[in-house]
Amino acid sequence: MNIPQSNFKPLEPILTEYAKIPGSLITILQKAQEIYGYLPKDVIYHIAEKVGTTPAEVMGVATFYSQFRLAPIGKYLIMACQGTACHVNGSERVFAAVSEYLGIESGKTTADGLFTLENVACLGCCSLAPVIMINGEAFGNLTPEKAVSILKNLREKEEA
């Protein structure tokens with residue numbers, strides 16, 4: 001099969017350490033995603049070969065868990081909480097405003113590669129509801145206008 005090749009060198013120490021340990025596939029995939037930012041197809045094939053399983057099995061694990069991404073994400077990963085506290089406090093309106101401003105739906109990345117938007121079950125920041133997290137930083141007590149303002153500031157910063 002002719003698959004474009006990623007640089008596997010940063011992955012090799014991880015495979016050396018974990019490939020022969022039963023039940024370590026999730027750990028390998030987590031560490032691979034830390035390296036590449038997502039799980040490229042050729043990396044999945046390479047992991048399967050080194051672990052001694054099929055690409056279908058590796059892909060099955062990668063697609064089962066929502067933590068894994070099979071496509072590159074934007075510079076800013078926006079996670080919009082949809083947990084109970086956020087829902088009760090208006091997260092649907094916040095998400096709708098963010099989605100409309102960016103012109104994308106959950107799981108998608110803007111054409112300029114700047115933003116990726118994801119709905120998540122809970123961010124654990126219930127006292128800040130409704131909340132979004134951008135690259136690990138929580139923004140809480142949001143209104144649709146506040147959320148869009150945060151994104152506009154990030155976009156302006158990038159354009160400057």
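The values are calculated or read from the model by the stated rules, or taken from the named source; none is laboratory data. This structure is a prediction, so every number in the text was calculated from the model and none was measured. Positions of Cβ are generated from backbone atoms using ideal geometry, with glycine treated the same way; all protein chains shown enter the neighbour counts.
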Check on residue 123, part of a loop (DSSP other than H, G, I, E, B), crowded, with 17+ Cβ neighbours inside 10 Å and aliphatic (A, V, I, L, M): yes
Please verify whether residue 96 is hydrophobic (A, V, I, L, M, F, W, C), more than 21 Å from the chain's Cα centre (by Cα) and within 26 Å of residue 131 (Cα to Cα), treating the condition exactly as stated. no
Residue list for the range 37-89, restricted to those being aromatic (Phe, Trp, Tyr) and either under 12 Å from the mean Cα position of the chain (by Cα) or farther than 25 Å from residue 12 by Cβ (or both): 38, 64, 65, 68, 76
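When the residues of the range 37-63 are narrowed to those that are of a type outside the set (Gly, Ala, Ser) and closer than 19 Å to residue 117 by Cα, which ends up modelled with the highest pLDDT?
This residue is 39.
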Hey, any hits in the range 9-16 for a residue that's surrounded by fewer than 16 Cβ atoms within 10 Å (Cβ to Cβ) and polar (S, T, N, Q)? yes
